[in-house]
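In what follows, a structure is listed as structure tokens, so that the remarks can point back to it.
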Amino acid sequence: MTSRARTFLRELREEVETHPGVNHVFLARCATSPFTREDYRVMGLQHFPLVGLFTTYMEWLLVNGPDSGSKQWLAKVLVDEYGEGSDGKDHSTLYREFLTACGVGPGEEDLVPLDPRVVDFIHTHMQLVTRQPFLMGLGALGPGHEWAIPKMFPQIIEGLQRAGFGEEEISYFTLHISQDEDHGRWLEEALADRIQNAEDEHLIRAGALQSLEARRRFWDGVQSRVVAWRQPNAFSPVAEQARLWLGRRPGLGRLARRLHPGAVVYRPEVRKMAGVEA
């Protein structure tokens, strides 16, 4: 790693760790507010679609990798994401166990309308890894994800523990504290190997900042859903309140779709958008 690359990456890490998307007020509220399992249920149903697609982003980036060195670092991260570091359970499986602990019934994760900012997050990252230069995608998944998550999740974990979740129930979150530290270092090596000039630095930073801005908007969306759940009379029209009620009743969740004509997006639809089978 050259001194130039080392300086750039150090400064970029500081920028990532102080970004509003990583230090969102919703995360601070998780750490300090008496949120319940029901609150985390609302959060989890909006967050889950992101969890299942990170490997998809990585796979696209691996395909587009310009050299064997970059591909090796990406493949190393993917092995962990597939379950090597979590007793064979991939991250979607671990997160679904968390949703079960929140009271989410089988298949219910596919019946809850997603906040538009959740859909925007996924669309943004698909564009970054398929339509933009490789270094922008690497900036989004390295600094934008693997450097950011270990700074965000401790606040969520603190709130989950206060709400009474057991260690096994929140293992998805605790696993990421240590695992993503490793992933962040591995992807930093991939970045360092690719930095040759100011244009490379610009692409990496641009990808990271686009990811973090999408993350900020995402947390805005999650927060609005939790607030709407907590204060339904103030924030939800009658149809929305009915949809929320139906969505929590086994066998009735599909009726909720009929209350929302127009462009309402659900988890299976964003997975298809990303080229993943629902």
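Tabulated data
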quantity	calculated
Flag for Phe165 being at pLDDT 95 or above, over 18 Å from His19 (Cα atoms), aromatic (Phe, Trp, Tyr) and assigned to a loop (DSSP other than H, G, I, E, B)	yes
Conditions (1) modelled with pLDDT of 75 or more; (2) under 25 Å from the mean Cα position of the chain (by Cα); (3) exposed (fewer than 12 other Cβ atoms within 10 Å of the Cβ); number of the one not met by Glu277	(1)
Test result for Thr55, surrounded by fewer than 17 Cβ atoms within 10 Å (Cβ to Cβ) and polar (S, T, N, Q)	no
Unique residue being in contact (Cβ under 8 Å) with a residue 12 or more places away in the chain, buried (at least 20 other Cβ atoms within 10 Å of the Cβ) and among the acidic types (Asp, Glu) when the list is Asp110, Asp39, Asp80	Asp39
Subset tally (residues that are assigned to a helix (DSSP H, G or I) and over 29 Å from Gly207 (Cα atoms)) for region 104-137	3
Residue tally, condition at pLDDT below 95 and hydrophobic (A, V, I, L, M, F, W, C), over region 83-103	1
Answer from Glu269, Glu240 - the residue that is outside any loop (DSSP other than H, G, I, E, B), over 24 Å from the mean Cα position of the chain (by Cα) and modelled with pLDDT under 95	Glu240
Per-region count, region 92-116, residues out of contact with any Phe, Trp or Tyr (no Cβ under 8 Å at 6 or more places or on another chain), more than 20 Å from Lys272 (Cα to Cα) and acidic (Asp, Glu)	0
Wholly within region 6-64, helices (runs of 4 or more DSSP H) carrying at least 2 residues that are under 20 Å from Asp193 (Cα atoms), more than 15 Å from the chain's Cα centre (by Cα) and not charged (D, E, K, R)	54-63
Single match in Ala75, Ala140, Ala101 (criterion: aliphatic (A, V, I, L, M), farther than 20 Å from Trp186 by Cβ, in contact (Cβ under 8 Å) with a residue 12 or more places away in the chain and assigned to a helix (DSSP H, G or I))	Ala101
Of residues in region 143-160 being in a helix (DSSP H, G or I) and small (Gly, Ala, Ser), the one farthest from Ala274 (Cα to Cα)	Gly159
Looking only at region 172-191, and only at residues there that are among the small types (Gly, Ala, Ser) and surrounded by 18 or more Cβ atoms within 10 Å (Cβ to Cβ), the one that is modelled with the lowest pLDDT	Gly184
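The values are calculated or read from the model by the stated rules, or taken from the named source; none is laboratory data. These numbers come from a predicted model, not from an experiment. Virtual Cβ from ideal backbone geometry, glycine too; neighbours counted across all protein chains shown.
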